[in-house]
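Since every read-out is calculated from the coordinates, none of them should be taken as a lab result. Computed from a prediction, not measured in an experiment: that's the story for all the values here. Using ideal geometry, Cβ is built from the backbone for each residue, glycine included, and neighbour counts are taken over all protein chains shown.
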2 protein chains.
Amino acid sequence: MDANLLIALAVMLGAAKLCGDLFERIGMPAVLGELSAGIAIGNLDLLGWHVLDFAIGDHNLAFLGELGVILLLFQVGLESNMAAMARVGVAAFVVACVGVILPMGLGYGLHAVLAPERTWHAHLFIGAVLAATSVGITARVFKDLGRIDSPTGRVVLGAAVIDDVLGLIVLAVVSGLVEGANSGKSLDALAVMIIIGKAVGFLAIAIALGPWVSKRLYTAASVLRVHGVLLATSLCVCLAAAWAAHAVGLAPIVGAFAAGLVLDEVMFHDHIAKGDKPLEERLEPLGQFLTPVFFVLTGAHVDLGAFGNTDALAMAGALTVAAIIGKQACSLVAYGEGVNKLSVGLGMIPRGEVGLIFAATGAGLMLDGQPVIPQQTYAAIVLMVMITTLVTPPLLAWSLRRTP
Amino acid sequence: MDANLLIALAVMLGAAKLCGDLFERIGMPAVLGELSAGIAIGNLDLLGWHVLDFAIGDHNLAFLGELGVILLLFQVGLESNMAAMARVGVAAFVVACVGVILPMGLGYGLHAVLAPERTWHAHLFIGAVLAATSVGITARVFKDLGRIDSPTGRVVLGAAVIDDVLGLIVLAVVSGLVEGANSGKSLDALAVMIIIGKAVGFLAIAIALGPWVSKRLYTAASVLRVHGVLLATSLCVCLAAAWAAHAVGLAPIVGAFAAGLVLDEVMFHDHIAKGDKPLEERLEPLGQFLTPVFFVLTGAHVDLGAFGNTDALAMAGALTVAAIIGKQACSLVAYGEGVNKLSVGLGMIPRGEVGLIFAATGAGLMLDGQPVIPQQTYAAIVLMVMITTLVTPPLLAWSLRRTP
C-alpha cells in the first residue's frame, strides 16, 4: 500500500467537509462544495503544486469512490418507496423517453451544422452522448434537500434510471450501426435484442422476485448471532445487485438503486427486534466516509486548463445548450399531483458517467479512417459533462425551494 | 473499476459473517471465523476453483483491508484510556523488552544449530524476525471479548505497540550490521540514532502535544454545520496519524492507535451537544464493513499447499516453537493488579505484518553472495506467522475466560 494515499484521503475528506459547509451556508447543496473541493485539489498543478497529483488518478481511491456512489444510490433506493414509485412509473417513463429523444435530435442537428463534413453516423453518436442523465448528482441533490420521497423526486429518479437503460440500448444500436457501416454489414438486430432483453429482464426480475427473495434472505440471516448482521446482509445484497447490473451491461449504480428500492423496513423486523440498529443509521457513516470521495474525485477530473481552448469551448458551449434545452421538454410532459414540473426538467440536466462511457466508446470506433469522436470533440464532451454537472445542484435547489 | 470486485467483496463479507457466527457459537472469537473464511476462499484453487483468485491479490481490496485494520486500531485506541495506559507504562515496557530479547536469543540459537554453515549475521536476522508482536490479531481478540480496557488488555496492547517500535530499531541495527559486513564498513551509528529518534519522537510528540492540538481542532470543527463533522474530523485525525507514523518509519496502525489513545470523549462535547451521535457508534459500521476484509485477506494468503513441504515444515515448526516459548517469558515479568499473567504471554504470540516485513527485507539483503533469508527460510517464516496468528485467538480467549 502507498501510505501517501492515507494523507490524500484525509485531505479530500477535510476539504469536502469544509467546502460542503461553505456552500450550505450560502444555501447551496453540500455536494456542490464537494465538487468544488475536488476542482481545487485537481487543479493545484496549475499553481505548480504537484503533491496531490498521484491521488487523482489512483485506482484505490477511485474504487473507494465507486463504492461511495454505489452506497449513495442504495441509500436513495432505500429512502424511495416502491409502491409510490410504481404509481409514477408511467409519468417517469414518458419523461425519460422525451428526455432521450429530444436531446438526441438536438445533438444530431447541432453536429450536422457544426461538422457538416462528417457522416450521419457521427451526428447520431453525438446525439446519443446527450441522451443519458447522470443519476448520481441528481440523487445527491434530492438527498441533501430531503426530497427523495416527494412526487418530484420519484418522477426524476425513476426517469433517470429508465434513461440509463434507454441510453444503453441507444448506445448498442448506434455502435451497431457504425460497425455495420464500417464492415458493410447491416445492423445485427439479434445482438441488439439480446442487449435490450438483458437490461429489461434484470429490472423485471429484480422487481418481481426481489421482495420474495430478500424477505427470505433476511429471515435466514436473523438466525446469526454475531454483531452487525443487518448491515452485512444489506451490503452483500447491494454489492451483489450492483455486480449483477454490470453483468447484464447496466451501470452498477442502477443495480444498487434497484436493491434499495426492493428492500423494505418490514424485512428487517427480526433484526431490529434482536437489537440491531436501523439500517439507514448504520449506512450513514459509510456514506459519509465514501461518498465524498466520489464527488471530490469527480471534481478533481475537471481540468480548468481545458477552458483555455476556444475551439473546444465553442463546441462545448453548443453541446451544453443542447443538453440543457433538450431536457427542459421533460418539464412539459411531466404530470402528477404535487410534481414540480420545472424541477423535473432541471433534475434531468446532469450528464455524467454514462455520457463519458459513450464518448469513450465513440473515440474507440473508427469510421472513414478516423475516430467517430475525435480528440477535440471528446474534450468538448468532457466540458459539457462538467458544466451540466456543476449547474444542476444550484438550479435544482433553487427550483425545489420555490415550492415547499 | 473491475466490477467483479463487487461480488468478491460481497462473498468475503458474507463468508466472514457466517464463519464468525459459527466460531462464536463454539465459544471462539469471531476473528478466527473471519480468518477461516479467508483460508477457505484463498485455497479454493486447490479444488480447481479459480474464480476468486483475482480478488486475493487485488490491490483495491488490499487497500480496503488496510483501511479496515487502521480503523480497528483507532477504535481500540479510543476504547483504551490514556491515563490508565500510562499507569501500566513501565509494566508494558518491561514485557515488551523481554518479549523482544528472549525470542531473538532463541531464534539466533535455533538458526545457529539448524544452519551452522551461515554467519552470525543470518542467525541475528532470524532472531529479529521473531521479535515483533502483531498488534492487529491481539487487539481484535481483546475487542471481540470486550476486554480492551482491562489491566491485562492495557499491558498487552501497550507492550505490543512498544514492541513494534523496538522491532523497528532492531531491524535498523541488524540491517546496518549486514550491510556493514557486506561493504566492509562498520555500522553507521548515526543512521541508527536517527531512526530511533524519529520513532521515539513521533510517540513523544503524539502523547505530549496530541491532546492539546486535538482539543483545539475539535472545537474549531464544531463550528461547521454540515452533517457528520465529528466522524469526518476523527477520520482525518486517524488517517493523518497513520500516515505520519509511516512517514517516520513506523507501521500506520501504530499511528492510528496513538490517535485513538490521544482523543478523549471530552473533546467531542460540543459536537454531541449539537446532535452528533457518539463517535464509537459512528465508527462501528465502518469497522464492520472494512475490518473483515483485512482478516479474510490475511486468511486467504495462507497457502495450505505449503504444509506439504516437509523441510519448510520442520523449520517452520522450530521457529513457531521458539516464537511461542520466547513470548511466554513475558508472563513471568508481567505485574500489576488484576493482570492475567498467562494471557499476557499468550497475547504476545502472534507475529504478523512486522515479521513479514523483516523477512522480506532479509530476502532482499545479500550476504556472502546469497540472500540473508533464502527462499526456503522465507516460506518457513510465512508458515510461522500463519500458525502463531491462528493459535492465538483460541488460546487467548480460553485464558481470558478463566479469570472473569
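Before moving on, here are some points about what is shown:
- Think of each Lys and Arg Cβ as +1 and each Asp and Glu Cβ as -1; about the Cα centre, that makes the dipole of chain A roughly 900 debye.
- Residues B:Arg25 and A:Phe93, FRET efficiency given R0 of 56 Å [Cβ-Cβ distance, rounded to 0.05]: 0.70
- Each 20 Å bin, from zero up to the one with the longest distance, holds this percent of the alpha carbon pairs of the protein assembly as shown: 15, 44, 30, 11, 0.
- Whole-angstrom gap from the range B:22-48 to the range B:330-393, using each part's C-alpha centre: 22 Å
- Packing rank of B:384-397, B:133-146, where each peptide gets the mean count of other beta carbons within 10 Å, highest leading: B:133-146, B:384-397
- Mean residue ellipticity (222 nm) of the protein assembly as shown, computed from DSSP H runs ≥ 4 via -39,500 (n - 2.57), nearest 500: -25500 deg cm²/dmol
- Label point at B:Gln376 placed 7 Å out along Cα→Cβ; residues across the range B:315-329 whose backbone nitrogen lies under 11 Å: B:315
- Distribution of pairwise C-alpha distances over the range B:246-287, 10 Å bins, in %: 24, 43, 25, 8
- FRET E, pair B:Leu209, A:Val51, Förster distance 22 Å, beta-carbon r, rounded to 0.05: 0.35
- Each Lys and Arg adds +1 at its Cβ and each Asp and Glu adds -1 at its Cβ; summed about the Cα centre, the protein assembly as shown shows a dipole of about 1360 debye.
- Label point 7 Å beyond Cα along the C-beta direction, distances from A:Ala363 to other copies (nm, shortest first): 3.8
- Exam field: A:Val200 pseudo-label spacings to other copies (7 Å along Cα-Cβ), nanometres: 7.5
- For A:Thr219, the point set 7 Å out from Cα toward Cβ sits 5.7 nm from its twins in the other copies, listed from shortest up.
- Principal axis box of the range A:4-402, alpha-carbon based, largest edge first, Å: 68, 53, 41
- Whole-angstrom Cα spans of the range B:317-404 along principal axes, big to small: 54, 23, 20
- Sorted peptide list for B:8-16, B:232-240, criterion being average Cβ within 10 angstrom, highest first: B:232-240, B:8-16
- Per residue of peptide B:60-70, the mean number of Cβ atoms on other chains within 10 Å of the residue Cβ is 4.
- Non-local lysine pairs in chain B, meaning eight or more places apart or on different chains, with alpha-carbon distances under 20 Å, amount to 5.
- The mean number of partner chain beta-carbon atoms within 10 angstrom of a residue's beta-carbon across peptide B:234-246 is 5.
- Highest to lowest packing among B:44-51, B:197-204, A:104-111, scored as the average C-beta count within 10 Å: A:104-111, B:197-204, B:44-51
- The label point for A:Ile194 and the one for B:Asn81, both projected 7 Å from the Cα toward the Cβ, are 6.7 nm apart.
- Lys/Arg +1, Asp/Glu -1 at C-beta; the protein assembly as shown dipole; positive extreme among A:His227, A:Leu313, A:Gly33: A:His227
- Computed over chain B: relative contact order in percent, which uses C-alpha pairs under 8 Å that are six or more apart: 29 percent
- Each of A:Asp164, A:Asp264, B:Asp53 has some number of other Cβ atoms within 10 Å of its Cβ, and from fewest to most they run B:Asp53, A:Asp264, A:Asp164.
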